[in-house]
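Following: one structure in structure tokens, then a few remarks.
The values are calculated or read from the model by the stated rules, or taken from the named source; none is laboratory data. Bear in mind the structure is a predicted one, so any value in this text is a computation, not a measurement. When we count neighbours, we look across all protein chains shown, and the Cβ atoms used for this are built from the backbone with ideal geometry, even at glycine. What goes into the accessible areas is simple: the full protein's heavy atoms, side chains included, and nothing from ligands, DNA or RNA. Shrake-Rupley method; radii C 1.70, N 1.55, O 1.52, S 1.80 Å.
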Amino acid sequence: MTLNELAATLTREAGSNLARAIKAMPPEKQAWRPMDSGRSPIDQVAECAAFNFAGAQSLRDRKLPPMTHEQIQAFKTDHDTADTALAALKQSTGELIEAIKRFPADRLDEEVELTFAPGIIKSFGWKMMCGYWNTIYHWGQINYIQTLYGDIEMH
């Protein structure tokens, strides 16, 4: 299995896991913010979608697009329901998987500066895995939120 194939498979599984977790929540908990200061599951799914869209663009264009806090917040505002966030997650995950599959294996070692973390330079091989690890991170957060309201089932 190539890195591209592995990254595509893991990205697909992560998106499915995240979607399954939020769909298992009661609707009122999908927008719930623990202690009124945490991030809601909908907010986290929307962020993953925005991150995946940017990741797909970066692999297609061989450079990272601007990704400001304001842009992410605007995207989240436009995707502030479970339905809109999940639709964006599905579309963005699909676009990211296609970009991963098409990325030339001989360019995986090329480096790019992270626009969301100036001064940090990473390879495109590393960048190819970012959508996966970001989604898995948020899947864990959503699973933790479920335990806060008493749902201890693994979703």
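Roll a 1.4 angstrom probe over the protein heavy atoms and tell me the percent of accessible area of the chain that is carbon or sulfur.
Values: 4550 of 8220 Å².
Here carbon and sulfur together make up 55 percent of the probe-accessible area.
Mean-square fluctuation check for the chain, GNM, Cα pairs under 10 Å: which of 31, 49, 85 is largest?
31
May I ask you to list the lysines whose Cα is less than 18 Å away from that of residue 29, ignoring any residue fewer than eight positions away on the same chain?
Those lysines meeting the cut-off are 76.
Enter the accessible area per residue of the chain (Å², integer; probe 1.4 Å; all protein chains in place).
Numbers: 8220 Å² over 155 residues.
Value for the chain: 53 Å² per residue.
Just name one of 74, 55, 124: the one whose Cα is farthest towards the positive end of the charge dipole of the chain (beta-carbon charges, Lys/Arg +1, Asp/Glu -1).
About the Cα centre, the residue reaching furthest to the positive side is 124.
Running a GNM on the chain with Cα contacts under 10 Å, which residue among 70, 111, 47 ends up with the highest mean-square fluctuation?
70
Taking every Cα atom in the range 57-98, find the radius of gyration and the maximum pairwise distance Dmax, and write them in Å.
11.7, 32
Give, as a single signed number, the net charge of other residues whose beta carbon lies under 15 Å from the beta carbon of residue 88, with Lys and Arg counted +1 and Asp and Glu -1.
Working: positive: 23, 76, 90; negative: 43, 47, 78, 80, 83, 95.
Computed value for this residue: -3.
Is any helix in the chain, taking whole DSSP H runs, at least 20 angstrom long along its axis by alpha carbon and on average at least -1.0 on the Kyte-Doolittle scale, and which ones? Intermediate values should be presented prior to the final figure.
On the way: long enough: 3-23 (30 Å, -0.04); 41-61 (30 Å, 0.06); 82-102 (30 Å, 0.02); 130-148 (27 Å, -0.28).
Those that clear 20 Å and a mean of -1.0 are 3-23, 41-61, 82-102, 130-148.
Just the C-alpha atoms of the chain: what Rg/Rh do they give, with Rh taken as the Kirkwood radius? Write out the running numbers ahead of the final one.
Values: Rg = 15.7 Å, Rh = 15.9 Å.
Rg divided by Rh gives 0.99.
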